[in-house]
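One structure is given here, and the rest of the page talks about it.
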Amino acid sequence: MGERQVWLVKVPTFLGKRWRSACDESKSKEAGPELGSIQQVSAIEGEPPTLRLKLSDTGGENIPVLYNLKNSTADIAGLHAFIQGSQQADLLGAASQRMDAEILHDSQAGTTTGVQLDASYRALTQQRHQQANERTRTAQQVDAQDILNAQRNARLREPASMRSAIKRNTEARNARANQIKLDSDQLERLLFQLFERKPSWKMNDLRAETRQSVESIKKILENIAVQNTRGPSRGEFELKSEYKTSTPAV
């Protein structure tokens, strides 16, 4: 025996809520509620008939009654429907048709001419528009400590990598702000003084001592120093031999 065949019908949210409410109300009854009926409307010769959904009861709500069922059955192979049971989801059947329920306007139903919307749908649209335009504002008094706490919490929510980057950028800005630009002669004299203190220096240490840019320091070092390529002082700078025996007066 083959699987039970079912139709999957996508309905507007407001209709889905109405049907769910109707089903909940009838749980204590033996039979479920009659939600609606499907009508077949005559079609143009050579074309498939048009299907419509007509609600049996709107529950007193001001919602549209007629809907076009637009076929969207393509690519439903292997699609199944389930129903939520008390303990688990139970298989309802294999989907043989998939439909989209679209609101049927008066002009489509042939009851009027022109582009006149269904009165119920028009009322529903106006209600949604009013709800969307309603603004609920509240005012709350805060003190300075509340603002500081909010700012602190915002910083704590930042990723650690972002906080590290912000810290590095802040330190770099502070370093640039405290940096005094020296001319070539001033920087050269300062470097000679540092080499008198000790014979070899790493570039980072020279930069920290002079508070000058790497480019400025390298420009001076090209004339007065060499960089070691081996040994324990590899990568460090030391004065050229001619400056080790005769250091310019400072």
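The values are calculated or read from the model by the stated rules, or taken from the named source; none is laboratory data. Bear in mind the structure is a predicted one, so any value in this text is a computation, not a measurement. Cβ: placed from backbone, ideal geometry, glycine included. Neighbour counts: every protein chain shown. All accessible areas refer to the heavy atoms of the entire protein, side chains included, with ligands and DNA or RNA removed. Shrake-Rupley method; radii C 1.70, N 1.55, O 1.52, S 1.80 Å.
Quick one: if the Förster radius is 25 Å, what FRET efficiency do Ser42 and Val6 give, using the C-beta to C-beta distance and rounding to 0.05?
Numbers: r = 26 Å, r/R0 = 1.05.
It comes to 0.45.
Lys244 to Asn169: FRET efficiency via 1/(1 + (r/R0)^6), r the Cβ-Cβ distance, R0 41 Å, to the nearest 0.05? Walk me through the intermediate numbers first.
Numbers: r = 40 Å, r/R0 = 0.98.
Given R0 = 41 Å and the Cβ-Cβ separation, E is 0.55.
Can you spot the aspartates and glutamates whose alpha carbon is less than 20 Å from Lys70's alpha carbon? Ignore those fewer than 8 places along the same chain.
Glu45, Glu47, Asp100, Glu102, Asp106, Asp118
Counting other Cβ atoms within 10 Å of each Cβ, which trypsin sites (Lys or Arg not before Pro) in segment 1-92 have at most 13 and sit in a DSSP loop?
Those satisfying the criteria are Arg4, Lys27, Lys29.
Return the long-range amide H neighbours of Gly93 (sequence gap of 5 or more, or a different chain), with a cut-off of under 5 Å between placed amide H atoms.
Ala81
Based on the Cβ-Cβ distance of Leu91 and Phe14, what FRET efficiency does E = 1/(1 + (r/R0)^6) give at R0 = 30 Å, to the nearest 0.05? Can you show the working numbers first?
On the way: r = 28 Å, r/R0 = 0.95.
Efficiency for this residue pair is about 0.60.
Holding the Cα-Cα limit at 27 Å, pick out from Lys17/Lys54; Lys167/Lys240; Lys202/Lys240 the pairs that are longer than that. Intermediate values should be presented prior to the final figure.
Numbers: Lys17/Lys54 16 Å; Lys167/Lys240 38 Å; Lys202/Lys240 15 Å.
Distance filter (> 27 Å) returns Lys167/Lys240.
Enumerate the amide H contacts of Thr50 below 5 Å, restricted to partners 5 or more residues apart or on another chain; note that Pro and chain-start residues carry no placed amide H.
Amide H neighbours of Thr50: Val41, Ala43.
Protein chains only, probe 1.4 Å: how do Leu104, Leu8, Leu148 rank by accessible area, largest first?
Details: Leu104 5, Leu8 50, Leu148 95 Å².
From most exposed to least exposed: Leu148, Leu8, Leu104.
Counting only C-alpha contacts under 8 Å and six or more residues apart, can you give the relative contact order of segment 1-55 as a whole percent? Present the calculation step by step, with values, prior to reporting the outcome.
Working: 33 pairs, mean separation 12.2, N = 55.
Relative CO of segment 1-55 lands at 22 percent.
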